[in-house]
């Protein structure tokens, strides 16, 4: 990792004297960037940064302070051309990777998303008689376009379930030493969900053993960090309170507010629940030698993490709507937003991310195969549920759920029915009516449905 230091006065003076030459050189070498000439210091820094990036860096990464990361990009790049150009050759050149069938299916669907040849609907304007083609979407878990709709759907689904109370945003993270096990066996991700759920329920049970408290829990799996590396962790939205499951209890005791979360208790409880469940599962899946190594690793983790695994449950103002948006921002979509791609030339990809630890911007230049590898490992298995509900929000209702339903939003059912119409969804999510003619503002009518020849 190379950290770019600010330019000294002598270096800056030297470059400013050769300003025209440097800028012209930068323009020719990097036509994808527009340089802001209003600030010569900023311009010089950008020239230096990207000259280093493309000329000297090779494959690697550079760090930028947030104030230095101020260039404007002229071009936009998407995953469709990247994967359409390179995915087939990637499969041929990497036969030993054992690519999962679900990965190939999701990538192929994403590549053909909104391709009219794969099927479309035709609408006609009754006034000007213009026809409009509405191509079918792919509905792939790896499609950024389709992800917007699914994210909004899930956000409304969660919102309709939430009890009217404060919620705590809790994050459960596993240590780096355990990540390889979850990478090799995705079934362990189910144990991760269960361990988080058990940890939260144990906390509420410990607070009031006799009242059998049931909290509301929403769990969302993220398998990546900002640098796209494999880093499975669970984001939870937990009610700051719980419902009593004791029959015939007074109505005033149905809901009990709990604002104090035992932060250290969460960490140790999560550590115990996860390692215990992993030992039980891996005992039947690993060889004797590998399982012995794992038990040694467990002993090491207990010694190294004597305060438990990392759990963020500290109190802070949590807006449920904002928390839901954060939880679902990578739901049913690639691990990286397309807007983070700065450059693609058919062989190399340049992208950036903001590092969580110090908010520094890191720009990486990698081979396109490397980017594909980083992205496809985060595609979930078929029918795997990234979003899950537990406790009060699960399908198993507590004894007094019918009374507690009074705390739920009154418009949730009406909203769900309204959004069953695709036209309503487009209007809500993208703020335009897809069936209104842009030339005469008349409502278009359905004309015909064209289905791809190879579709069943």
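Please treat every number below as a calculation from the coordinates, not as lab data. In this text, all values refer to a predicted model and were calculated from it rather than measured experimentally. Every residue, glycine as well, gets a Cβ built from its backbone with ideal geometry; the counts of neighbours run over all protein chains shown.
The calculated FRET efficiency for the pair residue 325 and residue 382, based on their C-beta separation and a Förster distance of 25 Å, comes to about 0.40. Taken along the Cα-to-beta-carbon direction at a fixed 7 Å, the label points for residue 450 and residue 121 span 1.6 nm. Taking the fewest neighbouring Cβ atoms within 10 Å as the starting point, the ordered list for 285, 239, 259 is 259, 285, 239.
In nm, what is the difference between 0.36 nm times the number of residues separating residue 292 and residue 276 and their Cα-Cα distance? Spell out each step's value before the answer.
Numbers: separation 16, 0.36 × 16 = 5.76 nm, distance 1.46 nm.
Stretched out fully, the residue 292 to residue 276 stretch lengthens by 4.3 nm.
Mind sorting 170, 451 by how few other Cβ atoms lie within 10 Å of their own Cβ, fewest first?
Working: 170 25, 451 12.
The order, fewest Cβ neighbours first, is 451, 170.
A crude spin-label estimate for the pair residue 423 and residue 171, with each label 7 Å from Cα along the Cβ direction, gives 4.3 nm. Going from the fewest other Cβ atoms within 10 Å to the most, the residues 270, 202, 79, 445 appear in the order 445, 202, 79, 270. With each label modelled as a point 7 angstrom along the Cα→C-beta vector, the residue 257-residue 227 pair spans 4.3 nm. The simple Förster model, with R0 at 30 Å and r as the Cβ-Cβ distance, assigns residue 359 and residue 187 a FRET efficiency of 0.25. Across segment 154-253, the relative contact order, built from alpha-carbon pairs under 8 Å that are at least six residues apart, equals 37 percent.
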